[in-house]
Structures are given as C-alpha cells and as structure tokens.
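All remarks here apply to the structure that follows.
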Amino acid sequence: MLQNLGPMELLIVLVLALLIFGPGRIGKIGSELGKGIGGFKKEMAAKRADSEEATKKAA
C-alpha cells in the first residue's frame, strides 16, 4: 500500500496534517509516538530476555 505513495502524495498528507493539528501539536504527537515505540521495544527486549532465561533454566 505504501509503495504507491510518491513524494507529492506524502507532501499533501503532511500539509493536511499540519493544517488539522497545527505545528505545536504535530511535535507533541511525534514525541509521544517515539516514546511509545521506545517503550514497546524495551518491553519486547525484556520479554525476550525472560524467555531465554526460562529456556536455559529448563534445559
């Protein structure tokens, strides 16, 4: 789906988002999204380490 988006379409989406949310809110949304992704990655790494540790104990 994203393969069909060219630079002009992305520019239009960016302009619409800027008009709807405003420049201040766009920054906050990006920051919150980044924190959410970082927290998700951290939790996935912790779950993976717990799983590996449990596998080593079982063996």
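Compactness of the chain was expressed as the Cα radius of gyration divided by 2.2 N^0.38 Å, which yields 1.87.
Projecting the Cα atoms of L16, A45, T55 onto the dipole axis of the chain, where Lys and Arg carry +1 and Asp and Glu carry -1 at the beta carbon, places T55 farthest toward the positive end. Extension gain, A46 to E32: 0.36 nm times the residue separation minus the Cα-Cα distance gives 2.9 nm. The angle separating the long axis of helix 23-58 from the principal Cα axis of greatest extent in the chain is about 20 degrees.
The numbers here are math on the coordinates, done by the rules we state, and not lab data. This one's a predicted model, so the numbers in the text were calculated from it and none came from an experiment. As a convention, Cβ positions derive from the backbone with ideal geometry for all residues, glycine included, and neighbour counts pool all protein chains shown.
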